Structure formats: C-alpha cells, structure tokens
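Written out below as structure tokens is the structure these notes cover.
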Amino acid sequence: MDKFTTHTGIGVPLKRSNVDTDQIIPAVYLKRVTRSGFEDGLFAAWRNDPEFVLNQPRYDGGSVLVTGPDFGTGSSREHAVWALQNYGFKVVISSRFGDIFRGNSGKAGLLAAQVDEKVVQALWTYLEDNPGGRITVDLEQRTIATDDGSVEDSFDIDDYTRWRLLEGLDDIGITLSHDDDIATYEATRPSWKPATL
Amino acid sequence: MGKTLSEKVWDEHVVRSTTGEPDLLFIDLHLVHEVTSPQAFDGLRLAGRQVRRPDLTLATEDHNVPTVDWDKPIADPVSRTQVETLRKNTEEFGVRLHPLGDIEQGIVHVVGPQLGLTQPGMTIVCGDSHTSTHGAFGAIAFGIGTSEVEHVLATQTLPQSPLKTMAVTVNGSLPEGVSAKDLILTIIAKTGTGGGQGYIVEYRGQAIRELSMEARMTVCNMSIEWGAKAGMIAPDQTTFDYIQGRPNAPQGADWDAAVAHWKTLVTDDDAVFDREIEVDASEITPFVTWGTNPGQGVQLGASVPSPSDFADESARAAAEKALTYMGLEAGTPMRDIKVDTVFLGSCTNGRIEDLRAAAEVIRGHHVAADTRLLVVPGSARVRLQAEDEGLDVVFKDAGAEWRGAGCSMCLGMNPDILGPGERSASTSNRNFEGRQGKGARTHLVSPQVAAATAVRGTLSSPADLVPAAV
Ligand code: SF4
C-alpha cells in the first residue's frame, strides 16, 4: 500500500445521501476474479444518465469525492472501496460513513474523511462555481482546503487508521513487520503436525 | 483456574500478544476453494507477495462445479472462470489443488477430514463459513473473508480478538432413529440464530461422546447457523480411531507423540465457561424447519406454527414473512407438506455415513411420483466408497439421481437449482430465501428424514414407511 501524506486532486460533488454499497457497486459486478477493473460498475445505476456527475467532462480525472451523509452503508462488500479506487478516487469526504465501509477503506488505503455537514455544503458550492476545482487533503494536519482557500477546515479520522495510512501499512504489512515472531513460532511447531506438500 | 478446550488450543497458537491489540494466531491449515480465493491471490500478485506456507495450504473445487458431465468443460462462464482462475493461481503460487475429476476432489470440509489433514488441536481457516465443521476434531476452525484469506496466504497468521466461551452439554442418549442433524436443529431452534454470537462453543456430554466423527461434524458444521464463531468437541478415542491410517495422519513415533498431546486437549474440571446450556438428548425427535432461517424449526410430528405463537414482536414478523415466502398455512401438519425435490448431500450431511443411513431407509422402496431425489456425495472418495458398498444401486433402483461430488444444491451457484416456488427437503444447512434458487423453498432435514420424504413425497420419518418387501 502506498503511503498517504497529502493529496491534491479535482473534487467531484456527488449530491446524494444514503448511498449504500449496492449503489456504489451492484452485486452483478462482483463476479470478477481480480481486485482491479471494478470501475465500470461504480455507481452503475446512474452512469447511463448523461447529467450524472461522473459523465460531466468538467470533473474528468476527479480523485476527491464529496458526498452526502451515510455514504457506504449496507452490505459489507469490499468491492465498493475497490471500485472507487479503481476509478481513481483517493479520498471520499462525507459527514457520515457506514461503519464497515469506513473500516474497509482504511484497510485498502482509501481515505474516508469525515467533516461537518456544512463543510460538505461549502465544498459542493465551491465545486459547482469552479468546475474542475481542486481540493487538498492533508492527512498529517487533518485538514482540507480548496485551491482558492475559500473552504478550509479540519476532518476527523481515528488515530490508528491515520497512522496506517501515513505509514502505507495494510494489515498484511503490519503482520509482516512481526516476521521474527512468526519465524520463531514456526521453529517450535511439533514435527508431527500435518503438511499438504 | 483451569482452561477450556478452546483456550488451550488458542494459547498454543499465539504468535504475538500485546495488550490493546488482537492476538496474532498461527494457522495450521488453510483450505481454499474457487469462490473466495481469486481476489486474495490477485492481491498477493499486486503487492508482489508469495504464499508463505504452501505446505499448510490445500485447494479444492467445490462450490460451482457441476455434478453431472464433470468431465466436460463447465458450461456456465462465471463458474468456469472461477475454476480456471483457481487452477492458474494454485499453479503459480505452488499450492496443492484437487481439481474436478481428481480422486481427492470434493467439498472442502469433507476433503480435509478425509485426508487426515484435520487433526485435534489445530487452527483451521477457510473462506467459507462452514469451516466450523473441523471443530469436531477438537480444532479451532472458522470461516474468514477474502481479505483474511489473502492475509493467511501471505503470513500464515491471522489477528483475532479472544472470544467468549460457551458449553452446550447434551445429557443422556439420543433415541433410536434420531440423528445429529435433529440434535443441532433442535439446539438452534432453542437458542435462535443469534444465540451463539461472539462465542466459541464446546459441545459436550454423553450424547456428544456417543456420536461418530461424522455425526460430530454435522453438529459442528451448523454452529455458524446459530451465530457461533466456531464449534468444538474434545478429541477422544473415536477421534483418534477416525484419523489413524489416513493419508496425512502422523505415523509411528509421530503418531504416539501426537496422541499423547491430543489427550491433553480437554476442558479442565475447574475451567469456567462464559455461558452454559444444557440439553436433554432423550427428548429429541426428528426435527425439520418450516421457515427461512435454520432456527425456524419444529418436531416433524408438529404443525406449522402461527405467527401469533411468538411472543416477541420481531419473531412474529419474521414468522409471518417466512410463512408467506414458504407458501405455508399455519396449523398444517408438517407431515402433510409435499416436496418436489429431496437433496441428500452438502458438507453437513454428504458423508459416507449419511449416505448409508439414507440408503438403509430407502432400500426396497421407490421415490414417490412427482418427487425427485438427488444424491450428491460430499467428495469423489465418498462417491467411490458408496459405489463399492453398492449404495449407488440402492439409490438408483429407488429412482434417485446419483451424482458427482460438490456443493450442488446446497447453494444456487451451480446448475443444480430449484425453480421459483419449488419446495425441497434438504440435508444441507441453510434454508435462506433464494439459497437453492430464486424463489425456492427449503426444509432442512436429516438424511433419514430426507430418504423417507423421498419415498412418501411429503415430509416423513422412517417410522412412517410401510416396511419394504425385501
Ligand atoms: S456444501 Fe454448502 S455449506 Fe458446505 S461448503 Fe458447499 S456451499 Fe458451503
């Protein structure tokens, strides 16, 4: 997992609330056997609408999603996080996240930044007035700021997730940092324990 | 204070323990199948990681393999891709695979014990919730999600927070003709589907000691259906006898060392469980489900309950919804419910003993008109063993379909599915809406009840059959 310190990218206003994981990526897209390529299923139900925000050229290359409350509720599918990442999102900003979604995000390296509802509103206004406008998300300082400085505020993230993202540590990376302990344990396992090879 | 069985096994696997963090547990055996592993292997590939211990990993194809024409290419493209991906991944990462057509192929939870790979005191995981099956040997065994599969592949460990312990003591003996399936369905109906949440459960008591290994696996298999993380049974002579001589069992001096250790794996007399439940085995009778979760069950001799029988508001609403889905009228005797298909198989009841029990009931009888009996052995070995014993002939003579090994109609992922509104009596473990096909209606039953039901066409026990003229 790459280290996350600060990110600056085009903001995309998704003016909806209660976007559950079925809306982020419907079940029919889950049949894939890879961890990549889920971007085509992202918000699939809305993608046919030419007015949908992801279909507007002015938000092309967006990497910071700004969305309404209760984003990522519902089924625990990790694919919802993968789909956002595969599409190119590095940060999702909302005033409230589904718990499992937030946990899955931290594990996969997607920053779920929780802000006050009024900050979301201010960002939406900024992005509509300045299409293609960029947002800087600083994980070290826990701050977000628009390019023109019209919105500057802080966001919430728990210390543990912040530390993991800053260090670029996924669960496996953390465990592998204890490789010595694993090797020591392995050396003491009884020889009669079964092996498959 | 002494320790419970699960605490002993847990403590033996702690690689690292720090306050405020989950324990890092070493995993002795990681079972892999085609559905939950592709993204895990892809994750390794993306991160440039290897499988740490291919020698503690075993893969088989089970969930979406066809049970007829298994020598031909798989027709469904999604299933075919998953199976082919497993083959490529296991080859690339050096993992042993028993593919379709291989003599050791079968449902992952049938294959592990059958090879002797499942042994007392182990930690066993698999990307499948019915991994709890292996707890029948006194192992800590539980299902994991795909990112945990990747974690175990890469590190052979898993961070786990300690669980609460529960004892389910089954006193007395099961009456003649009552099986392990009836016992576990009764326990689930008693506790509700969430009753075991957060617990590792140890099944103990006389009736448990009297069960065969296969019956113990049936009990532990369904631990997850009442919410438990894992189910365990302390190993004893029955366990040792089952393992001895199997391909992956310890041999010679290793065997003696292993058994000496296994004998220590019992709950100490002064150990304390967080919760204890007692069940009287002598009161148990054939048990079947009427609803859409495994806790919605009654004795076969009873009638479909009415929502008003439930004091709890949410149970009442659930019952109402279940009855509508199941197309059942409250008050209908369970024995009057007509089924279209009987499914004998799955990791709950697809072992040789289950097939023998069902064959015994059906011998000399014929499957009812308009009823279909599907017999799906849990593994290729079980199929061959059954054929050696002539059980296939008994089933075929009775008009049943004799199939190849796999999960089959346990879940609607392969071609063996029910049509909308069709009703089954199934020896599997889940009667959820749509589990056996869209709109399909499932009654969970034991192998004996399945066989008798196939003969009469309505839910029945062997005692309902007029003796066959053999
Ligand atoms: S038989 Fe059913 S429960 Fe068992 S592993 Fe297969 S799908 Fe899962």
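Points to keep in mind about this one:
- Residue list for the stretch A:106-134, restricted to those being within 15 Å of the chain's Cα centre (by Cα) and either open to solvent by 50 Å² or more (accessible area, probe 1.4 Å) or in contact (Cβ under 8 Å) with a residue 40 or more places away in the chain (or both): A:Gly106, A:Lys107, A:Ala108, A:Gly109, A:Leu111, A:Ala112, A:Ala113, A:Gln114, A:Val115
- Flag if B:Ala319 is more than 14 Å from chain A (Cβ to nearest Cβ), open to solvent by 20 Å² or more (accessible area, probe 1.4 Å) and away from the ligand (no atom under 16 Å from the Cβ): no
- Checked against (1) crowded, with 19+ Cβ neighbours inside 10 Å; (2) of a type outside the set (A, V, I, L, M, F, W, C); (3) away from the ligand (no atom under 16 Å from the Cβ); (4) at pLDDT below 95, B:Thr371 passes all but a single condition, namely (4).
- Among the residues of the stretch B:380-438, just one is open to solvent by 60 Å² or more (accessible area, probe 1.4 Å), within 12 Å of the ligand (Cβ to nearest atom) and within 18 Å of B:Val339 (Cα to Cα), namely B:Phe432.
- Residue list for the stretch B:167-191, filter: among the aliphatic types (A, V, I, L, M) and assigned to a helix (DSSP H, G or I): B:Ala180, B:Leu183, B:Ile184, B:Leu185, B:Ile187, B:Ile188, B:Ala189
- Check on B:Thr57, under 19 Å from B:Thr131 (Cα atoms) and either without any contact (Cβ under 8 Å) to a residue 40 or more places away in the chain or at the interface with chain A (Cβ under 9 Å from one of its Cβ atoms) (or both): yes
- Sole exception among (1) modelled with pLDDT under 95; (2) within 10 Å of another protein chain (Cβ to nearest Cβ) for B:Leu153, by number: (1)
- The residue that is farthest from the other protein chains (Cβ to nearest Cβ), counting only those in the stretch B:224-237 that are open to solvent by less than 50 Å² (accessible area, probe 1.4 Å) and modelled with pLDDT of 95 or more, is B:Gly231.
- A residue that is out of contact with any strand residue (DSSP E or B) (no Cβ under 6 Å at 6 or more places or on another chain), closer than 29 Å to B:Ile243 by Cα, at pLDDT below 95 and away from chain A (no Cβ under 12 Å) can be found somewhere in the stretch B:141-148.
- Of the helices (runs of 4 or more DSSP H) lying entirely inside the stretch A:28-142, those carrying at least 2 residues that are away from chain B (no Cβ under 14 Å) and of a type outside the set (Phe, Trp, Tyr) are A:99-108, A:117-129.
- Any hit, the stretch B:56-79, residues being assigned to a helix (DSSP H, G or I), surrounded by fewer than 18 Cβ atoms within 10 Å (Cβ to Cβ) and within 16 Å of the ligand (Cβ to nearest atom): yes
- Subset of the stretch B:128-166 [within 16 Å of the ligand (Cβ to nearest atom) and part of a helix (DSSP H, G or I)]: B:Ser129, B:His130, B:Thr131, B:Ser132, B:Thr133, B:His134, B:Gly135, B:Ala136, B:Thr146, B:Val149
- Criterion violated by A:Asp22 - all others in (1) in contact with a helix residue (DSSP H, G or I) (Cβ under 7 Å, 6 or more places away or on another chain); (2) open to solvent by 40 Å² or more (accessible area, probe 1.4 Å); (3) touching a residue at least 40 places away in the same chain (Cβ under 8 Å); (4) more than 20 Å from A:Asp170 (Cα to Cα) satisfied: (1)
- With respect to the conditions (1) under 15 Å from the mean Cα position of the chain (by Cα); (2) buried (at least 24 other Cβ atoms within 10 Å of the Cβ); (3) at pLDDT 95 or above; (4) away from chain A (no Cβ under 14 Å), B:Met213 falls short on a single one, namely (2).
- Enumeration of residues in the stretch B:94-124 that are assigned to a helix (DSSP H, G or I) and either open to solvent by 20 Å² or more (accessible area, probe 1.4 Å) or facing chain A (nearest Cβ under 9 Å) (or both): B:Gln114, B:Leu115
- Test: residue in the stretch A:67-82 that is in contact with a strand residue (DSSP E or B) (Cβ under 7 Å, 6 or more places away or on another chain) and of a type in the set (A, V, I, L, M): no
The values are calculated or read from the model by the stated rules, or taken from the named source; none is laboratory data. Just so we're clear, the structure is a prediction, and the values are computed from it rather than from any experiment. Ideal geometry is used to build each Cβ from the backbone, glycine not excepted, and the neighbour counts take in all protein chains shown. These area figures cover heavy atoms from the full protein model, side chains too; ligands, DNA and RNA do not enter into them. Shrake-Rupley method; radii C 1.70, N 1.55, O 1.52, S 1.80 Å.
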